[in-house]
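First the structure, in the form of structure tokens, and then the observations on it.
Nothing in this text is a laboratory measurement; each read-out follows from the coordinates by a stated rule. The structure displayed is predicted, hence computed values, not measured ones. FYI the Cβ positions are ideal-geometry reconstructions off the backbone, even for glycines, and counts take in every protein chain you see.
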Ligand code: FES
């Protein structure tokens, strides 16, 4: 098999703390105490678990603190197995390979006001940004955390709650808050972001439907069901770096075709929401279908787990 190099960093589990019902904070560090590769607030890493599973988590610590990566994991008994493996099988001192951090929000990119809306454990993608903004004062922000009756990561969040930067909304007491009033007025200097259950994301999308795409950010935990295009036609992938040609059959994913062709691609969600399988494209007309790339990024990249092609040939930067 020809292998596309996948960069993972060796880390060890340096600490594990309980952080609310069914939630643990894992601290990963370099085995020799070197700094870890830098990251942007809200960046993600893929954990390559000892069982072979690859799962994506948001970094919760501040980018300035890159001696460690901190992730929060809620044990999902009915999930795909990653959180159960971490909770039940991983202990202090275990070695875990992690990907280079990717994604995240660009602090200070002309944004004066941030509004983060999180449902429950959906707070995790916004924690590093909240801490970064609270420390630097680069921009105003409020993080609205919607929970039924118990806030996750309570002791971790306490300083920001006490400072009024995180506002907790308890639906068991006051019902669901009105997202339109939490989000407020749009504008080029405001960035709004949401992570939570699908019903919350649907409401958020409705409320921000007329906002510029660049000012709205959504994080998803669960990939939407795969899109089956009954009219999909076969197409050819050309790999620019090697000249290899790989046929994608009608109804087949690009990812499956690449894997059949002996190209190893990093994956985690296989549903277009995590960014693990991002590949550059050079010529052709991709059909994107992911939920993560911005319009600007789509001009250069695609997610091979969900993307298709409108043209009969697509050139990838592989
Ligand atoms: S594997 Fe997650 S976006 Fe493709």
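Here are some conditions: (1) surrounded by fewer than 16 Cβ atoms within 10 Å (Cβ to Cβ); (2) within 12 Å of the ligand (Cβ to nearest atom). Residue 234 meets all but one. Which one does it not meet? (2) is the only condition that residue 234 fails. Given the criteria within 16 Å of the ligand (Cβ to nearest atom), under 30 Å from residue 106 (Cβ atoms) and in contact (Cβ under 8 Å) with a residue 40 or more places away in the chain, does residue 289 qualify? So residue 289 passes the test. Of the residues making up region 238-258, those that are within 15 Å of residue 286 (Cβ to Cβ) and within 16 Å of the ligand (Cβ to nearest atom) number 6.
More than 12 Å from residue 41 (Cβ to Cβ) and in a helix (DSSP H, G or I): does that describe residue 122? Yes: the conditions hold for residue 122. The residues of region 8-38 that are out of contact with any helix residue (DSSP H, G or I) (no Cβ under 8 Å at 6 or more places or on another chain), in a loop (DSSP other than H, G, I, E, B) and surrounded by 17 or more Cβ atoms within 10 Å (Cβ to Cβ), listed by number, are 30, 36. For region 83-115, filtered to residues that are under 15 Å from the mean Cα position of the chain (by Cα) and surrounded by 14 or more Cβ atoms within 10 Å (Cβ to Cβ), the residue that is nearest to residue 181 (Cα to Cα) is 105. Within region 121-137, residues that are within 20 Å of residue 147 (Cα to Cα) reach partners that are in a helix (DSSP H, G or I) with beta carbons closer than 6 Å, at six or more positions or on different chains, in the pairs 130/160. Counting the residues of region 237-271 that are in contact with a strand residue (DSSP E or B) (Cβ under 6 Å, 6 or more places away or on another chain) and surrounded by 16 or more Cβ atoms within 10 Å (Cβ to Cβ) gives 9.
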